[in-house]
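I have placed the structure first, in the form of structure tokens, so that the comments after it can refer back to it.
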Amino acid sequence: MAQINFGGTVENVVTREEFPLETALETLKNETIAVIGYGVQGPGQSLNMRENGFNVIVGQRKGKTYDKAVADGWVPGETLFEIEEALEKGTIICFLLSDAAQIELWPTVKAALKPGKSLYFSHGFGVTYKEKTGIVPPADVDVFLVAPKGSGTSLRRLFVEGKGLNSSFAVYQDASGNARNKCIAMGIGVGSGYLFETDFYKEVTSDLTGERGTLMGAIQGIFAAQYEVLRANGHSPSEAFNETVEELTQSLMPLVAENGMDWMYANCSTTAQRGALDWWKPFRDATKPVFEQLYNSVKTQEQAEISITRNSQPDYREKLEVELAELRDSEMWQAGAAVRNLRPERS
Ligand SMILES: NC(=O)C1=CN([C@@H]2O[C@H](COP(=O)(O)OP(=O)(O)OC[C@H]3O[C@@H](n4cnc5c(N)ncnc54)[C@H](O)[C@@H]3O)[C@@H](O)[C@H]2O)C=CC1
Ligand SMILES: CC(=O)[C@](C)(O)C(=O)O
Ligand SMILES: [Mg+2]
Ligand SMILES: [Mg+2]
């Protein structure tokens, strides 16, 4: 395992150089990998593994998503099955239903987990919150996770482009004595660029914080706040949207991704640099208490509780659609749709 210095802290990282695809294929050559669920992670992981040469099948209940799997080349009765049949055939069970749905299906999955099989997650949720989920794996199976740090859509896109999203990995239970190798092999198989080590608790805690925070929740909140102030002061929607979102996603974030924040700053005007250097700390100080509140709410399992109860409601999908429509129909994101349509590559 490579020892990499991350800003002063040395951590274990697995790269594709030290654990090449051939090693991964050799490690899992006798396994049938059953991907249960074909939502967002299911397609990304199963298609990447299939193209990497692994023995993969998909288990998905009938309906629109099953049809999508057929359209993606999974063959009913050969590589695509009802969930129960895939659970029967699989030796590594990839539990890729939504975290709330995993609770409902757990008794079925548990019944199929014969000694020697492996249980694979892409989140520490089910096992960490076992008092709430009831997910307690039998002692004679390996249990591990590979959590791609990004949407399954990006996992797939980057793989197709010959790149790789990075993932964390963790072993929860090593019954076979080989769980760690299997876990890393899966991580390479699903198309990870590299893998960094964690445990189930840390994975779920950081993940829930990140998606509620800077990755999704906080970013929308900050966008909305700035957009509203610009609009209240007479700026047009196009100006407000461009100065709040479009410039960030199209111009500045790609520079941050390429070479860091300081480099992005260095490529902006001295006027911008002066202002950004003066203002980042007040923004940090204003939002830090909210992040502390958020982390605490994750730590006390309040966020897990909310997620389970809300996601388990029968009308959850309809309610979700209403909330997403509220974002979509807001002036800011309507302006965004118009701005996106004006991008030269779209016209
Ligand atoms: N969405 C993402 O890109 C990411 C997800 N993860 C984790 O990966 C796992 C899978 O998440 P997603 O791909 O987002 O799930 P999803 O919500 O997109 O997929 C759900 C799948 O489960 C099926 N399903 C839902 N309820 C069911 C039920 N009661 N019985 C049988 N099937 C049912 C659906 O048909 C669908 O195929 C979760 O643990 C999640 O936290 C991790 C990283 C990113
Ligand atoms: C894409 C990802 O990693 C998230 C945001 O944590 C998730 O979809 O749960
Ligand atoms: Mg995540
Ligand atoms: Mg997440």
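Assorted remarks:
- Distance between the modelled labels on Leu320 and Ala338, one decimal in nanometres: 3.1 nm (7 Å Cα→Cβ projection).
- Packing-based order for 146-155, 260-269, using average beta carbon neighbours within 10 Å, highest first: 146-155, 260-269
- Mean sequence separation of contacting Cα pairs (under 8 Å, at least six apart), scaled by the length of the stretch 2-199, corresponds to a relative contact order of 24 percent.
- Within the chain, helix-based [θ] at 222 nm, where runs of 4 or more DSSP H residues each add -39,500 (n - 2.57), nearest 500: -16000 deg cm²/dmol
- Cα gyration tensor, the stretch 213-342 - rounded (a/c under 1.5), prolate or oblate: oblate
- Taking amide H as placed 1.01 Å from N in the peptide plane, Glu197 has its amide H under 5 Å from the amide H of Asn12, Phe169, each at least 5 places away in sequence or on another chain.
- The stretch 123-243 - charge dipole about Cα centre, Lys and Arg +1 at Cβ, Asp and Glu -1, debye rounded to 20: 180 debye
- By the count of neighbouring beta-carbon atoms within 10 Å, fewest first, Tyr120, Tyr194 end up ordered Tyr194, Tyr120.
- With a Förster radius of 22 Å applied to the C-beta separation of Cys268 and Lys288, the computed FRET efficiency comes to 0.35.
- Ascending count of other beta-carbon atoms within 10 Å, so fewest first, for Phe144, Phe283, Phe196, Phe291: Phe283, Phe291, Phe196, Phe144
- Compared with the direct C-alpha span, the chain from Lys114 to Asp329 gains 72.5 nm at full extension, assuming 0.36 nm per residue.
- Two-site FRET efficiency, Leu252 against Lys202, from Cβ-Cβ distance with R₀ of 30 Å, rounded to 0.05: 0.50
- Under the convention that each Lys and Arg Cβ holds +1 and each Asp and Glu Cβ holds -1, the size of the dipole of the chain around its Cα centre is about 180 debye.
- Under 5 Å from the amide H of Val58 lie the amide H atoms of Val35, Leu80, Phe81, each residue being 5 or more positions distant or on a separate chain, with H modelled from the backbone and absent for Pro and chain starts.
- With each label modelled as a point 7 angstrom along the Cα→C-beta vector, the Arg157-Ala101 pair spans 2.2 nm.
- Three-way shape label, the stretch 121-180, alpha-carbon gyration tensor, a/c 1.5: oblate
- Exposure proxy order (Cβ contacts within 10 Å, fewest to most) of Ser168, Ser192, Ser118, Ser176: Ser176, Ser168, Ser118, Ser192
- Restraint check, Lys117/Lys182; Lys64/Lys117; Lys288/Lys319; Lys149/Lys182; Lys163/Lys288; Lys130/Lys202, Cα-Cα greater than 23 Å: Lys64/Lys117; Lys288/Lys319; Lys163/Lys288
- Relative contact order (percent, whole number), the stretch 119-192, Cα cutoff 8 Å, 6+ residue spacing: 31 percent
- The overall shape of the stretch 51-143, judged from the alpha-carbon gyration tensor, is prolate: a/c is not under 1.5, and a/b is greater than b/c.
- Taking the average, over residues, of other Cβ atoms within 10 Å as the packing measure, peptides 64-70, 332-338 rank 332-338, 64-70 from highest down.
Throughout, read-outs are computed from the coordinates displayed, never taken from laboratory work. Fair warning: this is a prediction, and the values are worked out from it, not measured in the lab. Cβ coordinates were reconstructed from backbone atoms using ideal geometry, including for glycine residues, and neighbour counts include every protein chain displayed.
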